[in-house]
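Notes for the one structure printed next.
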Amino acid sequence: MKKSTALALGACLAVGARTALRQLLLRKFRRDIRKLNAGDPSGLLAAYDDDAVLRFHDGQHRWAGTHRGKQAIGQFLRNMIGAGLEGTIHEIWMGGPPWALTLVARFDVEAPGPDGSKMYGNRAVLVVRTRWGRIIEQDDFYADTGRIESLEDRLQELDVPASPRG
């Protein structure tokens, strides 16, 4: 086989493998988010390293600040469930080697009100760093952070409790 043919074949295999990995990750995270939306955070929580860090917009709401470790991230996810939030991952992009990926996900989240109408809706970009297949760091960037605080006010009016910080 000519060197140029071998290089072209290798490049095609690398691109194909990269595309397959992206599709597998998208499928996995969509499945985990569906479970989370149904009240089970276990699939998503299993993806985090024990010492992972999740950073969320500061403010006067139950999700504010830096959440360190699986226990704190689990509490963050339980607060999502308790508030009736449901998310959807629309797309992911990735960079870096497979053992140290950086993922960027387009994520939409909404919550129905007691009457079934949409009480909350927002768009976010999640930036996730992994090490050997485990999430070690996540930063959430929301399109409208004021909506988060408005949601918190509404949840308090409805007496929806927040999980205590651990």
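The values are calculated or read from the model by the stated rules, or taken from the named source; none is laboratory data. Nothing here was measured: the structure is a model prediction, and the numbers come from that model. Here the Cβ is made from the backbone with ideal geometry for all residues, glycine too, and neighbour counts use every protein chain on show.
In this structure, does Val109 turn out to be at pLDDT below 95 and not hydroxyl-bearing (Ser, Thr, Tyr)?
No, not satisfied.
Output the number of residues of the stretch 116-145 satisfying the condition of being under 24 Å from Ala46 (Cα atoms), loosely packed, with under 14 Cβ neighbours inside 10 Å and of a type in the set (Gly, Ala, Ser).
1
Select from the stretch 104-130 the residues that are of a type in the set (D, E, K, R) and within 16 Å of the chain's Cα centre (by Cα) and write down the one among them that is nearest to Asn79 (Cα to Cα).
Glu110
So, in the stretch 29-39, exactly how many residues are part of a helix (DSSP H, G or I) and touching a residue at least 12 places away in the same chain (Cβ under 8 Å)?
Final tally of qualifying residues: 7.
Which pairs turn up if I take residues in the stretch 72-92 that are without any contact (Cβ under 8 Å) to a residue 60 or more places away in the chain and assigned to a helix (DSSP H, G or I) and look for partners that are surrounded by 18 or more Cβ atoms within 10 Å (Cβ to Cβ) and polar (S, T, N, Q) with beta carbon separation below 9 Å, at least 6 apart in sequence or on another chain?
From the stretch 72-92, the pairs are Ile73/Gln138.
Pairs, please: C-beta under 6 Å, at least 6 apart or cross-chain, first residue basic (Lys, Arg) and in the stretch 98-127, second assigned to a loop (DSSP other than H, G, I, E, B) and surrounded by fewer than 19 Cβ atoms within 10 Å (Cβ to Cβ)?
So the pair list comes out as Arg123/Ala143.
With respect to Ile135, determine if the residue is farther than 28 Å from Ala20 by Cβ and aliphatic (A, V, I, L, M).
Taking the combined requirement at face value, the residue does not satisfy it.
Specify the residue that is surrounded by the most Cβ atoms within 10 Å (Cβ to Cβ); the eligible residues are those in the stretch 61-71 that are outside any helix (DSSP H, G or I) and without any contact (Cβ under 8 Å) to a residue 24 or more places away in the chain.
His67
Quick check on my filter: what residues within the stretch 33-82 are of a type in the set (Asp, Glu) and over 16 Å from Gln138 (Cα atoms)?
Asp40
Could you go through the stretch 83-98 and let me know if any residue there is farther than 19 Å from Arg34 by Cβ and in contact with a Gly (Cβ under 9 Å, 6 or more places away or on another chain).
Yes, the conditions are met somewhere in the stretch 83-98.
To keep it simple, each residue is scored yes or no on (1) of a type in the set (A, V, I, L, M, F, W, C); (2) closer than 30 Å to Ser117 by Cα.
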site	(1), (2)
Ala47	yes, no
Asp51	no, no
His67	no, no
Thr88	no, yes
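State whether the residues of the stretch 146-165 include one that is surrounded by 14 or more Cβ atoms within 10 Å (Cβ to Cβ) and under 19 Å from Tyr48 (Cα atoms).
There is no residue in the stretch 146-165 that is surrounded by 14 or more Cβ atoms within 10 Å (Cβ to Cβ) and under 19 Å from Tyr48 (Cα atoms).
Mind listing whichever residues of the stretch 93-115 are surrounded by fewer than 17 Cβ atoms within 10 Å (Cβ to Cβ), of a type outside the set (D, E, K, R) and outside any strand (DSSP E or B)?
Listed by number, the residues that qualify are Gly96, Pro97, Pro98, Trp99, Ala100, Gly113, Pro114.
Among residues belonging to the stretch 40-60 that are within 17 Å of Ala124 (Cα to Cα) and modelled with pLDDT under 95, point out the one that is surrounded by the fewest Cβ atoms within 10 Å (Cβ to Cβ).
Asp58
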